[in-house]
Amino acid sequence: MTTKSLWLALAIAAAAPAPALAADPAKPLAADEYRLLPGALLGKRLFEDTTLSEPGGLSCASCHDPATAFRGNNHSTIPAVAAGSRPGVFGDRKVPSLMYMSYSPPFAFLPWPNDVTGEMEITPRGGQFWDGRALVLDDQVQGPLLNPREMNNPTKQAVVEKVRAGAYANLARDVFGEDVFDAPDVFDKLASAIASYEATPRFKLFSSRFDDWLEGRTILSDQEYRGFQAFIDKSKGNCLSCHDGGNPNEAYEGAPAPPATRDPNAPLSRNPKDWFFTDFTYDVLGAPRNMAIADNADPARFDLGLCKRPGIKDVAPENFDIDSLCGAFKTPGLRNVAASGPYLHNGVFASLRDVVAFYFTRDTNPERWYPKGADGAVLKFDDLPARYRDNVNTKQVPYDRHPGEAPRADDADIDDIVAFLKTLTDAPFVEAAAGRH
Ligand code: HEC
Ligand code: HEC
């Protein structure tokens with residue numbers, strides 16, 4: 001823009017009438033806003049507001065990009081982690097997609113069948129973030145806004161003042177009342193608007209080829225179907241034991257129906273809502289350390305996940321072995337996974353095929369994934385301190401193998417599973433996902 005046209009633009013902006021309500025003339029409704037209820041519209045405006053970071057320039061959408069299944073990294077020079085609002089400041093975990101996140105039940109310890117023995121045991125489940133530290137979506141919002149590595153606001157009040165002075169303040173008054181900015185719970189109200197936006201249908205499209213197949217509108221290719229079979233096969237991928245449907249609605253509406261009470265011989269559901277590809281539980285996978293994360297230059301620094309969730313001791317049952325949760329991260333849903341790399345909580349794998357291959361060869365060929373120490377020995381599970389390495393799940397198919405044994409799947413099976421995972425991409429993200437591979 002030339003200086004002259006800049007001045008012209010400023011003059012027009014100055015002449016524009018004061019912003020008012022949803023039909024804010026300074027920012028008319030975008031094409032994707034017409035059918036949003038006022039609360040969700042407010043949530044969207046907050047979600048996309050780049051003045052809400054310190055310094056400005058960064059919005060939720062900078063990291064959770066609507067064009068790529070609400071994930072991205074704010075043009076970070078380190079692909080595994082997002083760039084924050086200040087130059088040279090980066091996150092330390094992978095940005096998850098926000099698609100289908102509103103289905104995650106609130107964080108709780110509750111009886112859940114053990115994947116290996118089938119016995120019911122008290123298990124942590126649900127919540128938001130890789131370590132479940134936010135109970136539900138509303139509760140999650142303050143995280144990024146106040147996190148110095150992300151939007152870096154000093155206080156909740158600082159955020160509220162920006163909204164009060166901003167372009168859609170009247171919309172907030174319209175939704176929550178004239179006095180909203182003086183209400184003691186104004187921040188929570190704004191957070192609930194973001195959460196209601198995150199629960200709108202654009203975050204739950206069910207428009208993948210897999211959904212079409214479930215509902216009989218298309219067929220999978222031979223390779224995709226073989227991949228699906230390997231994925232569900234209890235002696236091959238066994239992926240459903242964690243990446244299953246997850247009974248998403250139960251926790252909000254009373255007692256859960258634990259999977260043990262489901263008929264194991266029942267035919268697979270054709271209902272897309274039974275396929276979130278996560279049961280929202282946690283597991284210790286033993287991801288290799290990602291040296292691209294600057295903090296990892298310190299050999300004493302470890303991201304221990306769930307056992308360090310703030311306040312975990314207060315919500316865990318008495319005598320629960322919290323240390324057994326060190327290294328555990330939330331099982332991510334696999335919808336849109338092909339559009340959601342890099343992978344695992346520390347973004348250590350750039351390619352989807354590597355994640356799948358890791359599952360099968362972590363224990364048969366650990367030298368493929370972990371570095372070697374000075375004595376030449378493979379440093380297995382190098383992203384955990386030695387005392388927690390026993391927490392890694394080595395009992396369950398597919399990672400119950402030992403060096404010398406055959407992996408539970410060969411290269412062709414792995415290609416098939418990857419082909420199947422690519423059918424889980426919702427229609428608007430197919431092109432973006434294809435560009436990734
Ligand atoms: C600088 C990048 C960045 C910005 C900006 C950002 N996020 Fe995130 N978001 C992340 C990262 C990284 C995580 C995972 C962090 C963790 O688990 O510890 C995350 C996690 C989440 C989750 C949890 C998803 C899950 O799988 O449990 C939600 C929901 C979310 N963000 C919403 C938001 C909202 C709403 C905003 C704006 C108020 C926002 N984010 C701004 C990077 C960002
Ligand atoms: C015992 C539970 C369990 C089983 C079985 C399991 N997963 Fe996972 N999966 C997880 C957990 C937990 C994570 C996150 C681990 C982390 O980030 O440290 C994960 C992460 C992933 C990711 C990365 C997703 C992302 O967004 O970063 C993919 C892909 C994946 N799993 C695919 C599979 C496939 C394919 C199978 C079957 C071969 C499988 N999983 C079996 C628990 C499991």
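The values are calculated or read from the model by the stated rules, or taken from the named source; none is laboratory data. Bear in mind that the values here come from a model prediction, so they are computed numbers and not experimental data. Every residue, glycine as well, gets a Cβ built from its backbone with ideal geometry; the counts of neighbours run over all protein chains shown.
Here are a few things to note about the model shown:
- Hits in the range 330-360 (condition: under 27 Å from ASP274 (Cβ atoms) and aliphatic (A, V, I, L, M)): LEU334, VAL337, ALA338, ALA339, LEU344, LEU352, VAL355, VAL356
- Which listed residue is modelled with pLDDT under 75 and on the phi > 0 side of the Ramachandran plot, from LEU8, LEU21: LEU21
Per-residue answers, yes or no, for (1) crowded, with 20+ Cβ neighbours inside 10 Å; (2) in a helix (DSSP H, G or I):
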| position | (1), (2) |
| --- | --- |
| ASP279 | yes, no |
| MET291 | no, no |
| ASP295 | no, yes |
| PRO299 | no, no |
| ASP303 | yes, no |
| LYS313 | no, yes |
| PRO317 | no, no |
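- Scanning the range 82-131 for residues that are under 27 Å from SER208 (Cβ atoms) and part of a loop (DSSP other than H, G, I, E, B) yields a count of 17.
- Hey, LEU171 in the same structural domain as ASN73 (by TED's automatic domain parsing), touching a Pro at 6+ places or on another chain (Cβ under 8 Å) and either under 30 Å from ALA31 (Cα atoms) or assigned to a loop (DSSP other than H, G, I, E, B) (or both) or not: yes
Yes/no matrix, rows are residues, columns are (1) modelled with pLDDT of 95 or more; (2) within 16 Å of ligand 2 (Cβ to nearest atom); (3) not in a helix (DSSP H, G or I):
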position: MET151; (1), (2), (3): yes, no, yes
position: PRO154; (1), (2), (3): yes, no, yes
position: VAL159; (1), (2), (3): yes, no, no
position: ARG164; (1), (2), (3): yes, no, no
position: ALA167; (1), (2), (3): no, no, yes
position: PHE181; (1), (2), (3): yes, no, no
position: PRO184; (1), (2), (3): yes, no, yes
position: LYS189; (1), (2), (3): yes, no, no
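- Candidate set: the range 412-437, residues that are acidic (Asp, Glu) and in contact (Cβ under 8 Å) with a residue 40 or more places away in the chain; chosen: the one farthest from ligand 2 (Cβ to nearest atom): ASP426
- Every residue from the range 128-142 that is at positive phi and more than 7 Å from ligand 1 (Cβ to nearest atom): GLY132
- Among the residues of the range 60-80, those that are buried (at least 20 other Cβ atoms within 10 Å of the Cβ) and over 29 Å from TRP275 (Cβ atoms) comprise SER62, ASN74.
- The set of residues in the range 396-437 that are among the basic types (Lys, Arg) and within 24 Å of LEU214 (Cα to Cα) contains only LYS422.
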